[in-house]
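If you scroll down you'll find the structure; I have some questions about it.
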Amino acid sequence: MRYYKYALRVGWWLWVKKVVLNPICFLKSSGADKVHNCCTEVSRQKITVPIIGARMQKKNPPCVKAVIFETEDGEICSHWKEAWVRHTFIQLE
């Protein structure tokens, strides 16, 4: 029974880490104390909350190529090849 409770806690933490913490990672550059935030994973799921703005992110490991939508709930990293992403991005320009 203890192992089961431990697995539930660990499983929950892995989910939080993957869904919440991984999409935007904070990188410290070696030359300066400049902090960058970027998408390391993208979603293909259509966004249902109102979108305020959008910007493109270039691939620069560990950052991936993505469209970052700014919503009322925060930023969402979306796959740049999805048709709805391209269409929405063009509408916002």
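How big is the range 51-92 on each of its three principal axes, counting only the C-alpha atoms and giving the largest first in Å?
27, 22, 12
Next up: Hey, what did the range 53-93 get for relative contact order, percent, Cα under 8 Å, at least 6 apart?
Relative contact order comes out at 31 percent.
First select every other residue whose beta carbon is under 12 angstrom from the beta carbon of residue 84; then total the charges, Lys and Arg +1, Asp and Glu -1.
+3
Right, another one. Pick out, in residue order, every one of the GluC sites (Glu not before Pro) in the range 50-90 that is DSSP loop and has at most 13 other C-beta atoms within 10 Å; say none if there are none.
In loop regions of the range 50-90 (DSSP not H, G, I, E or B), the sparsely surrounded GluC sites (Glu not before Pro) are 72.
Laboratory data are not the source of any read-out in this text; all were calculated from the coordinates shown. As the structure is a prediction and not an experimental result, all values here were calculated from the model. Ideal geometry is used to build each Cβ from the backbone, glycine not excepted, and the neighbour counts take in all protein chains shown.
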